[in-house]
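The values are calculated or read from the model by the stated rules, or taken from the named source; none is laboratory data. It should be emphasised that the depicted structure is a prediction, and the values quoted were computed from it without experimental measurement. Positions of Cβ are generated from backbone atoms using ideal geometry, with glycine treated the same way; all protein chains shown enter the neighbour counts. SASA here: full protein model, heavy atoms, side chains in, ligands and nucleic acids out. Shrake-Rupley method; radii C 1.70, N 1.55, O 1.52, S 1.80 Å.
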Amino acid sequence: LLWTAQRTISTASRRQFENKVPEKQKPFQKGNGIPVHLKCGIADTLLYRAIMILTFGGTAYSIYQLAVASFPKKLD
């Protein structure tokens, strides 16, 4: 039990991994005028457009429902 406790508390890593962060940062560091959230290609562009469509559609629908609720139907 004591050996297990010592092993889990140890912060030293036995294996050293290559730092791949600078490689993954390179596309984002290029000054080509493309916004950061669109630099990873067509998948980012499609996701961005889908979210924008859903956002504007949801906003328009919310405003429509607010307008409908503002003018209740008359009970004659």
Exercise. When you go through (1) in contact with a Phe, Trp or Tyr (Cβ under 8 Å, 6 or more places away or on another chain); (2) at pLDDT 90 or above one by one for Gly58, which number turns out not to apply?
Worked result: (1)
Problem set entry | segment 39-76: number of residues that are of a type outside the set (Lys, Arg), open to solvent by less than 80 Å² (accessible area, probe 1.4 Å), in a loop (DSSP other than H, G, I, E, B) and on the phi < 0 side of the Ramachandran plot | 0
Problem set entry | Pairs, first on the phi < 0 side of the Ramachandran plot and open to solvent by less than 90 Å² (accessible area, probe 1.4 Å) in segment 22-38, second part of a helix (DSSP H, G or I) and of a type outside the set (Phe, Trp, Tyr), C-beta under 7 Å, six or more apart | Phe28/Val36; Leu38/Asp44; Leu38/Thr45
